[in-house]
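Accompanying notes for the structure given below.
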Ligand code: KG4
Ligand code: ZN
């Protein structure tokens with residue numbers, strides 16, 4: 001089965017072609033980061049307009065790279081939520097219309113499910129069941145994945161998502177948008193022993209998380225110790241260490257509580273090198289297998305949408321002609337079809 005995947009939930013336009021026999025045939029992402037950078041965050045209206053401009057030329061290019069003609073496509077998958085409603089509507093309208101024109105089924109995909117399945121694009125794909133640490137710009141969740149379509153959220157952030165905390169703290173430090181990668185880069189030159197940031201909610205039982213306090217802690221540290229370049233790097237390092245230590249501690253606990261034999265990491269913050277290294281250490285200590293998508297499949301992309309689309313179409317799911325998008329969409333509600 002050959003599936004075209006389209007991602008437009010936020011500020012990345014992603015297109016891919018996945019083939020169940022030959023794997024990923026081609027994928028490309030166009031990042032709008034430069035468009036939103038002057039505003040310090042994503043401007044929804046500008047995001048929608050740019051998806052309109054970029055999507056069809058990108059599709060044309062990816063279809064050529066994948067040597068795929070419309071007649072050989074078996075289905076079209078697009079992100080139906082959660083995300084920015086205008087941005088989602090661009091991908092959904094184009095994806096649904098392409099499927100109509102090509103006379104193949106369409107499938108609206110839950111963006112978080114696609115992130116969770118992204119490690120399966122790798123040659124050494126994890127098997128079910130597994131514990132997933134989903135850390136993106138909009139979500140931070142620990143999810144017990146029993147089987148395809150069976151997602152139980154066992155812990156989540158009660159306020160900011162981990163990526164959001166990276167972005168907001170980066171902005172305090174005067175770093176360019178998107179903040180996560182630039183903060184991680186600055187942290188490399190920081191002194192790990194100068195500041196110690198709290199590890200929120202690790203001193204009490206439970207799997208929920210909270211990251212908004214770390215940003216405030218960064219602000220107070222900045223005010224107290226000045227904002228010279230070295231201090232900023234030291235704050236970035238202490239902040240990153242605190243986020244990583246907190247996530248690792250909660251993963252450790254979640255592995256205890258769920259008894260899962262595997263751990264997968266998904267979402268944009270999953271690209272963070274220090275987080276990946278710390279989780280690998282945890283997995284080794286606990287004798288569980290750890291899986292990560294390659295870095296380009298941690299952040300938003302069309303490949304994970306094409307793959308999730310293939311899995312859902314294969315399971316018999318299909319989206320009707322009167323399609324929908326859902327800016328808010330609880331993962332636990334989606335089931336198998
Ligand atoms: O999954 P994603 O691409 O979009 C959402 O679905 O939200 O995640 C984007 C988030 C942003 O907050 C970005 O700053 C963060 O992932 N991020 C990182 C790194 N790369 C991306 N955070 C920390 N370290 C990184 N290397
Ligand atoms: Zn995402």
Criterion (more than 16 Å from ligand 2 (Cβ to nearest atom) and either over 30 Å from residue 26 (Cβ atoms) or buried (at least 23 other Cβ atoms within 10 Å of the Cβ) (or both)) met by exactly one of 103, 191:
191
Could you say whether any residue in the stretch 292-305 is away from ligand 2 (no atom under 16 Å from the Cβ), in contact with a helix residue (DSSP H, G or I) (Cβ under 6 Å, 6 or more places away or on another chain) and either within 21 Å of residue 199 (Cα to Cα) or assigned to a helix (DSSP H, G or I) (or both)?
no
Residues (assigned to a loop (DSSP other than H, G, I, E, B) and under 21 Å from the mean Cα position of the chain (by Cα)) located in the stretch 211-245
211
Among strands (runs of 3 or more DSSP E) entirely within the stretch 117-196, at least 2 residues that are more than 13 Å from residue 272 (Cβ to Cβ) and over 16 Å from the mean Cα position of the chain (by Cα) occur in 140-147, 150-156
Among (1) under 30 Å from residue 169 (Cα atoms); (2) touching a residue at least 24 places away in the same chain (Cβ under 8 Å); (3) surrounded by 18 or more Cβ atoms within 10 Å (Cβ to Cβ), there is one condition residue 32 misses while meeting the rest; what is its number?
(2)
Screening 216, 202 for residues that are away from ligand 1 (no atom under 14 Å from the Cβ), more than 28 Å from residue 121 (Cβ to Cβ) and touching a residue at least 24 places away in the same chain (Cβ under 8 Å) leaves only 202
Kindly indicate which of 62, 15, 76, 52 is crowded, with 22+ Cβ neighbours inside 10 Å and part of a helix (DSSP H, G or I).
62
If you go through the stretch 107-121, how many residues are closer than 12 Å to residue 139 by Cβ, more than 10 Å from ligand 1 (Cβ to nearest atom) and in contact with a strand residue (DSSP E or B) (Cβ under 6 Å, 6 or more places away or on another chain)?
1
Listed residues 47, 37, 16; which is touching a residue at least 40 places away in the same chain (Cβ under 8 Å), out of contact with any helix residue (DSSP H, G or I) (no Cβ under 6 Å at 6 or more places or on another chain) and within 16 Å of ligand 1 (Cβ to nearest atom)?
37
Since residue 98 meets every condition but one in (1) surrounded by 24 or more Cβ atoms within 10 Å (Cβ to Cβ); (2) in contact with a strand residue (DSSP E or B) (Cβ under 6 Å, 6 or more places away or on another chain), which condition does it not meet?
(1)
How about the stretch 246-291: which of its residues are in a loop (DSSP other than H, G, I, E, B) and within 16 Å of ligand 2 (Cβ to nearest atom)?
267, 272
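Only the coordinates and a few stated rules stand behind these numbers; no lab work does. Everything numeric in this text was worked out from a predicted model, so none of it was measured. Heads up, the Cβs are rebuilt from the backbone with ideal geometry, glycines too, and the neighbour counts pull from every protein chain shown.
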